[in-house]
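Report on the structure given below.
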Amino acid sequence: MNLVLFGPPGAGKGTQAKILTTSRGLPQLSTGDMLRAAIAAGTPLGLACKALMDKGELVPDATVVGIIGERYDKPDCARGAVFDGFPRTIPQAQALDEMLAKRGRKIDLVLELKVDDAALLARVEQRIKDGGPVRADDTPETLKNRLSVYYANTAPLLGYYGDQNKLQSLDGMAPIQTVTDQISAILDGMASV
Ligand code: ADP
């Protein structure tokens, strides 16, 4: 089972991906986490991406396609994976389809978590107020840019996956457990993947 979790920044993709790792044994492949790890490790790739990420801009397609391809060949992806924050552009989605096809695999399902912009901004503002760990790109200004990048570059993927009949949408404003239960029901209803 290869699953894409799709939605705007802060929609709860990472939360649901982590739950799926435990409940279904599918590893979470988050390009955002991988890039932040590269920055933390001070690798050349991390250094090259940091300024773009801090501004809420996308890093180049070739960069994320490369790291995803490498990660997908690790043994824990033998039964598939949950893609979180990838793909974010049409060329990334095409590269993912090609990468999987070469391995005799495919994307089985794309789950869209629908959340409105005002709620996303409120979530980030609340996180800042709570004084918890706040990412360099978690400021209201950067989030606004991440949202416009999402609408310009990433939202068109809804059409891409809709045309492939792979898209199912969920209310990402519902409580975490409700979203988890809905995802679970969809996965249980899918034959043999
Ligand atoms: P968010 O919480 O905004 O969804 P992520 O953790 O997925 O954030 O990504 C953080 C940043 O990392 C993005 O704003 C972007 O700069 C970079 N990034 C992550 N994934 C990709 C991708 N697939 N393509 C291009 N840039 C990416």
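The values are calculated or read from the model by the stated rules, or taken from the named source; none is laboratory data. Small disclaimer: the values here were computed from a predicted structure and weren't measured. Neighbour counts are summed over all protein chains in view; Cβ atoms, including those assigned to glycine, are modelled from backbone coordinates with ideal geometry. Calculation scope for accessible area: heavy atoms of the full protein, side chains included, ligands and nucleic acids excluded. Shrake-Rupley method; radii C 1.70, N 1.55, O 1.52, S 1.80 Å.
Would the range 12-35 turn up any residue that is within 12 Å of the ligand (Cβ to nearest atom) and more than 26 Å from MET173 (Cα to Cα)?
Among the residues of the range 12-35, at least one is within 12 Å of the ligand (Cβ to nearest atom) and more than 26 Å from MET173 (Cα to Cα), which makes the answer yes.
Taking the stated definitions as given, is ILE176 among the β-branched types (Val, Ile, Thr) and open to solvent by 30 Å² or more (accessible area, probe 1.4 Å)?
Yes: the conditions hold for ILE176.
Going through the range 46-78 one residue at a time, which ones are free of Cβ contacts under 8 Å to residues at least 40 places away in the same chain, near the ligand (Cβ under 8 Å from one of its atoms) and part of a loop (DSSP other than H, G, I, E, B)?
VAL59, PRO60
Yes or no, residue by residue, for (1) on the phi < 0 side of the Ramachandran plot; (2) in a loop (DSSP other than H, G, I, E, B); (3) in contact with a strand residue (DSSP E or B) (Cβ under 8 Å, 6 or more places away or on another chain):
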{"site": "ARG127", "(1), (2), (3)": "yes, no, no"}
{"site": "ARG146", "(1), (2), (3)": "yes, no, no"}
{"site": "TYR151", "(1), (2), (3)": "yes, no, no"}
{"site": "LEU170", "(1), (2), (3)": "yes, no, yes"}
{"site": "THR180", "(1), (2), (3)": "yes, no, no"}
{"site": "ILE186", "(1), (2), (3)": "yes, no, yes"}
{"site": "MET190", "(1), (2), (3)": "yes, yes, yes"}
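Somewhere in the range 79-92, is a residue touching a Pro at 6+ places or on another chain (Cβ under 6 Å), open to solvent by less than 40 Å² (accessible area, probe 1.4 Å) and either of a type outside the set (S, T, N, Q) or part of a loop (DSSP other than H, G, I, E, B) (or both)?
Yes.
Consider LYS106 carefully, then state whether it is of a type outside the set (A, V, I, L, M, F, W, C), part of a helix (DSSP H, G or I) and either touching a helix residue (DSSP H, G or I) at 6+ places or on another chain (Cβ under 6 Å) or open to solvent by 80 Å² or more (accessible area, probe 1.4 Å) (or both).
Spelling it out, it is not the case that LYS106 is of a type outside the set (A, V, I, L, M, F, W, C), part of a helix (DSSP H, G or I) and either touching a helix residue (DSSP H, G or I) at 6+ places or on another chain (Cβ under 6 Å) or open to solvent by 80 Å² or more (accessible area, probe 1.4 Å) (or both).
Just for the range 25-35: of the residues that are in contact with a helix residue (DSSP H, G or I) (Cβ under 7 Å, 6 or more places away or on another chain) and in contact (Cβ under 8 Å) with a residue 40 or more places away in the chain, which one is most open to solvent (accessible area, probe 1.4 Å)?
GLN28
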